[in-house]
1. Charges only on Cβ, +1 for Lys and Arg, -1 for Asp and Glu: so what's the dipole of region 89-176 about the Cα centre, in debye to the nearest 20?
2. Going highest first, how would you order 128-140, 30-42, 7-19 by mean Cβ packing within 10 Å?
3. In vacuum, with every alpha carbon of region 1-74 counted as one equal point scatterer, what does the Debye formula give for log10 I(q)/I(0) at q = 0.11, 0.12, 0.14, 0.23 Å⁻¹? Two decimals, please.
4. How large is the translational diffusion coefficient of the chain in µm² per second when you combine the Kirkwood radius over alpha carbon pairs with Stokes-Einstein at 10 °C and 1.306 mPa s?
5. Please label the shape of region 126-185 as rounded, prolate or oblate, based on the square roots a ≥ b ≥ c of the eigenvalues of the alpha-carbon gyration tensor (a/c under 1.5 means rounded; beyond that, a/b larger than b/c means prolate, else oblate).
6. Give me the number: length gained by fully extending Thr57 to Ala81, i.e. 0.36 nm times residue separation minus the C-alpha to C-alpha distance, one decimal in nm.
7. Roughly speaking, what is the stretch gain from Glu173 to Leu45, that is 0.36 nm per residue apart minus the C-alpha to C-alpha distance, in nm to one decimal?
8. Below 12 angstrom from the Cβ of Phe6, what's the summed charge of the other residues (Lys, Arg +1; Asp, Glu -1)?
Amino acid sequence: MTGQLFNFVGGITGSWAIFKMDTVIGMPLETASRLNVIEGNLVPLPAGSMWLLRGVTSYERYVTRHERELLMAIQPDIGRAEATYAALIPIKKSESWWELTQDERRDIFETRSEHIRTGLKYLPAVARRLHHCRDLGEPFDFLTWFEYAPADSEAFVQLVYILRGTEEWNYVEREIDIRLVRTNT
């Protein structure tokens, strides 16, 4: 799925109902009741839209070969029938993060914050797909999409809590936590 453009449209239509929308840090997004996830180019913006966030899937930037193999062996696909809960977490990191070299970011990301090691503990219960948006000129650097079954809600809460307590999160200057439930409409 590398290189696919995804549009996350907050508004009054979409197959995901927004039941919680919290600003963790930085400026909020306008409140929306539904989320529509649309793959590919989006023209025009659907009626009743409050905001649009775009991101592109890409290669894993901070993983070693071994870590990638571990992730691929247990990472479930997005769209599982039982995964009726989701979270969209847009994140913008500070300029001081981007001024670091790739190996300095990797050191903070995994060696000191254990981002991948932590995430592996919650697979396959919590599936995720990362979308890059910094190079698209979007207001966020990353859009992380998580899907999980209702029974795994507490595991997801624990995962997010642990990651927000790491050194890596000292570089986050804007984060919105949007929780969703899939509906038939």
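1. Its charge dipole is roughly 220 debye.
2. Descending mean neighbour count gives 7-19, 128-140, 30-42.
3. Calculated log10 I(q)/I(0) at the listed q: -0.41, -0.48, -0.62, -1.00.
4. 93
5. oblate
6. Here the answer is 6.5 nm.
7. Taking Glu173 through Leu45 to full extension adds about 43.3 nm, to one decimal.
8. Combined, the nearby Lys, Arg, Asp and Glu give 0.
No value in this document is a laboratory result; all are computed from the given coordinates. The model shown is predicted, which means the values in this text are computed figures rather than measured ones. Cβ: placed from backbone, ideal geometry, glycine included. Neighbour counts: every protein chain shown.
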